[in-house]
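The structure under discussion appears below in the form of structure tokens.
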Amino acid sequence: MAITTVLFDIDGTLVDSNDAHAQAWVQAFGEAGRHVDPQAVRRAIGMGGDKLLPAVSGLSAESAEGKRIASRRAEIFESEHLPALRPLPDAYRLVSTLKERGFALAAASSAKKDELRQLLDIAGVTALLDAATSSDDADESKPDPDIVMAALRRLRAQADEALLIGDTPYDVAAAGRAGVECIAFRCGGWSDRELAGAVQVYDDPRDLLARLNDSPLGRGADAVRAAPKN
């Protein structure tokens, strides 16, 4: 089935925020007296906090200490990093072009709802999206498929007519587990090998926009819907 629905990861995909998230986590762990490998934290960005905490420290996200660290990370990120964040090149233009071409659009992010709202404002795409799903809408965060499936339900879309645009291996995995194709961006910090499973890999939103007509999204949803059925 042809693509009529596009889901977006936001962090590292539309907003240049992955390093900021990693720095906020490392600082929050440090304030709690826990040393974590900054590189391991950076490589875990793209998972939800419920997955990142045990992956880099062995702490359960449901433990009292885990909850304190996660809460402090959110405070650090919002106060020290969020005001300086910027969209990735042509993020708004990519989303607006897909909107003009008739695609149904939704965010599918591991961020918490309040944080996601601010990130969407930074990208300038809030008004362009038909729905926005966050980790608050799912039992499990990426790489589990719950957030992707929640976005599909919001749009009343089928997996085989949707495509996720993301920037981490966790996006690719979540999409695959939901039966959704994935376009990946290198701007999140991963190599093409690490993004294996994506149908195509581009540098960033600007690169996809420049090659949109030759991409899996090239025809546009309106063209797909108007095409005669055999």
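Every read-out reported here was derived from the displayed coordinates using simple, explicitly stated rules and does not represent laboratory data. Worth saying up front: this structure is predicted, and the values here are computed from it rather than measured. Positions of Cβ are generated from backbone atoms using ideal geometry, with glycine treated the same way; all protein chains shown enter the neighbour counts.
Remarks
- Label zone at R86 (point 7 Å along Cα-to-Cβ), backbone N below 11 Å, region 6-33: 16
- Cα point-scatterer Debye curve for region 18-84, base-10 log of I(q)/I(0) at q = 0.12, 0.15, 0.22 Å⁻¹: -0.24, -0.38, -0.85
- The chain: calculated mean residue ellipticity at 222 nm from DSSP helix runs of at least 4, using -39500 (n - 2.57): -12000 deg cm²/dmol
- Cα shape, region 117-230, gyration tensor, a/c 1.5 rule: rounded
- With the cut-off at under 14 Å, measuring from each backbone N in region 167-182 to a point 7 Å along the Cα-to-Cβ line of A196 picks out 169, 173.
- When the chain is treated as a GNM with alpha-carbon contacts under 10 Å, the residue of P143, P83, P216 showing the greatest mean-square fluctuation is P83.
- Candidates A150, A107, A32: whichever shows maximal mean-square fluctuation once the chain is modelled as a Gaussian network with Cα springs under 10 Å: A32
- Restricting attention to the chain, lysine pairs at least eight places apart or on different chains and with alpha-carbon atoms under 27 angstrom apart total 13.
- Averaging the sequence gap over all C-alpha pairs within less than 8 Å and six or more residues apart, then dividing by the number of residues, gives the chain a relative contact order of 26 percent.
- The antiparallel fraction among DSSP beta bridges confined to the chain stands at about 5%.
- For semi-axes √(5λ) of the Cα gyration tensor in Å, the value computed from the atomic coordinates appears in the list (i) 37, 18, 13; (ii) 27, 22, 16; (iii) 31, 17, 16 under label (iii).
- Part-to-part distance (alpha-carbon centres) for region 1-72 and region 180-223, which is given in Å: 23 Å
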